[in-house]
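These notes are about the structure you will find just below.
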Amino acid sequence: MIHYDTEAGIMVIKLVYYGPALSGKTTNLLRLHDLLPCSGRGDLMVLDTAQERTIYFDLLPFFITAPSGLKIKVKVFTVPGQVKHDATRKAVLQRADGVAFIADSQVRESLNNATSFENLEQNLALVGLDPGRLPLVIQYNKRDLPGIVAEDAIRSLWWSSGVPLFFASALEAWGVVETFQCLLRTTYAALDATCCLSARHGLSMEAFTCGLTVPDASPGMRER
Amino acid sequence: MTAQGSISFVVGEEKKLTDVLSESDVLPLLKSVVGAGLDLAAIVDMTGEPLWFFVPGETAPGAMLPLGTALECRPIILSGDIVGRVHLSAGEGIDPALLRFLARVVGDAVNSMVQTNLKRMMVTELHTKVVQMSYDELLEKNRQLSASEQKYRELAEHLEMRVQERTAELKQAYARMLQQEKMASVGQLAAGMAHEINNPLSFVLSNLETLEKYVRRLSEHAGFCEGQLRQSGSDDLAGRVEDRRREQKIDFILDDLSDLFSQSLAGAERVKKIVSDLRGFSHIDEAEYSQLDVNIEIDRTLSVLSSEIPADAEITREFGAIPLIVCRGALLCQAFLNIIRNALQAKPSGLKLLIRTAMNSKDHITVVFKDNGPGIAQDIQARIFEPFFTTHEVGSGMGMGLKVVYDAVSSCGGTVTVNSREDHGAVFVITLPVNGRTDE
């Protein structure tokens, strides 16, 4: 967690969109920005890019206030996928509360997916996070393209790991919100265990998830 | 961050408005908007406290809010959060539309400044972070390299030691091999010579016996002839024969002949025994392992050495009743020989050597060699079984004698120890198992 101050009633959570180069991490954030109402979030901040490729990171902040008055800020980051930016990936990954791994569904990208996932596990360990316990969801993006790995093959690949799996097309704007909601739920579960979100702050998992992703589900919960 | 004194950032850490904006950023803006006829332009935080402000003319600190009656506010947003407001106020006379317009312009300008500054800060922080992490990684890599260099250095040093150890081992093995070869060739030579000597010796022996018989018969015959001559009454002829016999000292010759024969036979028998001892000592005719009587082996060794033993040496043998033992006879004899020879060399005159054999336990025997020589100094006792260790002058000995004893006894499954004080002689104790086969 980036920041948790019970006195001031502020909690800042970090979620990271990880994955190989050009798998659609920034597109995911752009779609979230488009699909979710602006009342519960800030603007998407896209740091400098080089030829449309992320070189630093993108940031999309979300807000929710718990019934206890705790202001929760959820900062969603992307990392640069290119191999050469490993140090930046490591820096962004520091103190993350949850990770969405965005894989490229195309058959020819399978090796890159595996390499990037290995890199994620390595970097998590290097910044002191346990890859086995950190909230994680996997999204297979670009389902709209031809030459993609079949869903069954992907399911059987990940089945034993128990990691929640989503299929999406960020370009066609489907599967994106579902991925994000699942990441929020698993992150909530982990945070609730350590910070008593429901017991101390009266914030349930559904209120947390819906409050951040569905505008009209719990009016009055949002700050603005 | 691992390095001390480094700057620590967490990407995405919360920023305050005062972190992002500075007075030099906002004051010119506030100043110019006040120039358009306002009473006050300020940037206030969420509690309404002014962070930066500008008023026309003299600045009077405190209680300047609200100055004017007309008031216009614009929120300042920092990464999606309202963190403060642009606060403009003017007197009655101002056009509200102008005030709103000015507020919007200043608000937009401040917000875009905040946005730009935040991006710049985040990029800078990320850069710092990345550089720091790379630096830490380099430090770590350096540490690992130093460690591995250290390891290789140690390895190299040990390598030298290992090479030295191995070289010493090789040298020992080579010396042992030389010694064994020497022994083997001595053994073969002895065996060959023994064979060559045995053949003529046996016909010398048998001829001597036959010759003795013949001579006895000849002298009998001469006696018979003389008797017959005396009885025939021919005194003259008998007298001449008698004179001739006395002239030739035949009586003395006949007396001496038996001595000569017995001495020659004894000499030849001794040669035969020496040859057979030499063969026995070299164990050239036996399999590597054989059953042998240690007492006999010691006797054999002594007889092989007999030429080296001075007349004044006093060798006492106290042989106990010991069972036959199974071991490599040749090696064992060599071991005995080296110990006895050592004693002979240590005390060339007046040597008193006690050799005692006894049962030690149910399946071990001991052989003790106790001499009255000068003994072995305490500080070299631990080294005497080392190869090439010698107290003799260079060239007079290889320093292998006791090493051979040690190896021989070890290869028979036994042990050898020394107990000595300077000027009080030395005691070597060899303990041997009754069944000393070590290669099974």
Sort through A:CYS210, A:CYS196 and tell me the only one that's within 16 Å of the chain's Cα centre (by Cα), surrounded by fewer than 21 Cβ atoms within 10 Å (Cβ to Cβ) and modelled with pLDDT under 95.
A:CYS210
Residue under evaluation B:SER290, criteria (1) in a helix (DSSP H, G or I); (2) within 30 Å of B:LEU354 (Cβ to Cβ); (3) open to solvent by less than 60 Å² (accessible area, probe 1.4 Å); (4) not aromatic (Phe, Trp, Tyr), criterion not met:
(1)
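For every residue, the table says whether it meets (1) open to solvent by 80 Å² or more (accessible area, probe 1.4 Å); (2) under 30 Å from B:SER411 (Cβ atoms); (3) in contact (Cβ under 8 Å) with a residue 60 or more places away in the chain; (4) not charged (D, E, K, R).
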site: B:GLU209; (1), (2), (3), (4): yes, no, no, no
site: B:ASP243; (1), (2), (3), (4): yes, no, no, no
site: B:ILE296; (1), (2), (3), (4): yes, yes, no, yes
site: B:SER306; (1), (2), (3), (4): no, yes, no, yes
site: B:ILE309; (1), (2), (3), (4): no, yes, no, yes
Considering (1) within 14 Å of chain B (Cβ to nearest Cβ); (2) open to solvent by 10 Å² or more (accessible area, probe 1.4 Å); (3) touching a residue at least 40 places away in the same chain (Cβ under 8 Å), say which one A:VAL12 fails and leave the rest.
(2)
Of the conditions (1) within 30 Å of B:CYS327 (Cα to Cα); (2) touching a Cys at 6+ places or on another chain (Cβ under 9 Å), B:VAL241 fails just one. Which one is it?
(1)
Per-region count, the range A:50-68, residues within 14 Å of another protein chain (Cβ to nearest Cβ) and in contact with a Leu (Cβ under 7 Å, 6 or more places away or on another chain)
6
Exactly one condition in (1) surrounded by 14 or more Cβ atoms within 10 Å (Cβ to Cβ); (2) not in a loop (DSSP other than H, G, I, E, B) is not met by A:LEU171; state its number.
(2)
Being more than 22 Å from A:LEU191 (Cα to Cα) and crowded, with 24+ Cβ neighbours inside 10 Å narrows A:VAL79, A:VAL107, A:VAL46 down to just A:VAL79
Scan B:ALA173, B:ALA156 and give me the residue that is within 34 Å of the chain's Cα centre (by Cα), open to solvent by less than 90 Å² (accessible area, probe 1.4 Å), within 30 Å of B:LEU278 (Cβ to Cβ) and without any contact (Cβ under 8 Å) to a residue 60 or more places away in the chain.
B:ALA173
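Give the residue, chosen from A:GLY19, A:GLY69, that is over 15 Å from the mean Cα position of the chain (by Cα) and of a type in the set (Gly, Ala, Ser).
Values: A:GLY19 fails: over 15 Å from the mean Cα position of the chain (by Cα).
Matching residue, one of A:GLY19, A:GLY69: A:GLY69.
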Name the residue that is farthest from the other protein chains (Cβ to nearest Cβ), counting only residues in the range B:83-139 that are among the charged types (D, E, K, R) and free of Cβ contacts under 8 Å to residues at least 40 places away in the same chain.
B:GLU92
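Mind listing whichever residues of the range B:396-418 are assigned to a loop (DSSP other than H, G, I, E, B), over 22 Å from the mean Cα position of the chain (by Cα) and either more than 21 Å from B:ASN435 (Cβ to Cβ) or at pLDDT 85 or above (or both)?
B:SER396, B:GLY397, B:MET398, B:GLY414
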In the range A:49-73, how many residues are open to solvent by less than 70 Å² (accessible area, probe 1.4 Å) and touching a residue at least 24 places away in the same chain (Cβ under 8 Å)?
17
When B:ALA175 is run through (1) modelled with pLDDT under 90; (2) assigned by TED's automatic domain parsing to the domain that holds B:VAL34, the failure sits at (2)
Checked the range B:342-394 for anything closer than 22 Å to B:SER307 by Cα and among the polar types (S, T, N, Q); matches are B:ASN342, B:GLN345, B:SER349, B:ASN372
Of the numbered conditions (1) closer than 30 Å to B:THR357 by Cβ; (2) of a type in the set (Asp, Glu); (3) open to solvent by less than 40 Å² (accessible area, probe 1.4 Å), B:GLU226 satisfies every one except a single condition; which is it?
(1)
Give the residue that is nearest to A:ALA103 (Cα to Cα), with candidates limited to residues of the range A:145-160 that are assigned to a helix (DSSP H, G or I) and aliphatic (A, V, I, L, M).
A:ILE154
Condition broken by B:SER148, with the remaining ones in (1) polar (S, T, N, Q); (2) open to solvent by 30 Å² or more (accessible area, probe 1.4 Å); (3) without any contact (Cβ under 8 Å) to a residue 60 or more places away in the chain; (4) assigned by TED's automatic domain parsing to the domain that holds B:VAL34 satisfied:
(4)
Subset of the range A:95-151 (residues that are acidic (Asp, Glu) and in contact (Cβ under 8 Å) with a residue 40 or more places away in the chain):
A:ASP97, A:ASP104, A:GLU109
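The values are calculated or read from the model by the stated rules, or taken from the named source; none is laboratory data. Predicted model only: the values in this text are computed from it and were never measured. Neighbour counts run over all protein chains shown; Cβ positions are idealised from the backbone, glycine included. Side chains included, ligands, DNA and RNA excluded: accessible areas come from the protein's heavy atoms. Shrake-Rupley method; radii C 1.70, N 1.55, O 1.52, S 1.80 Å.
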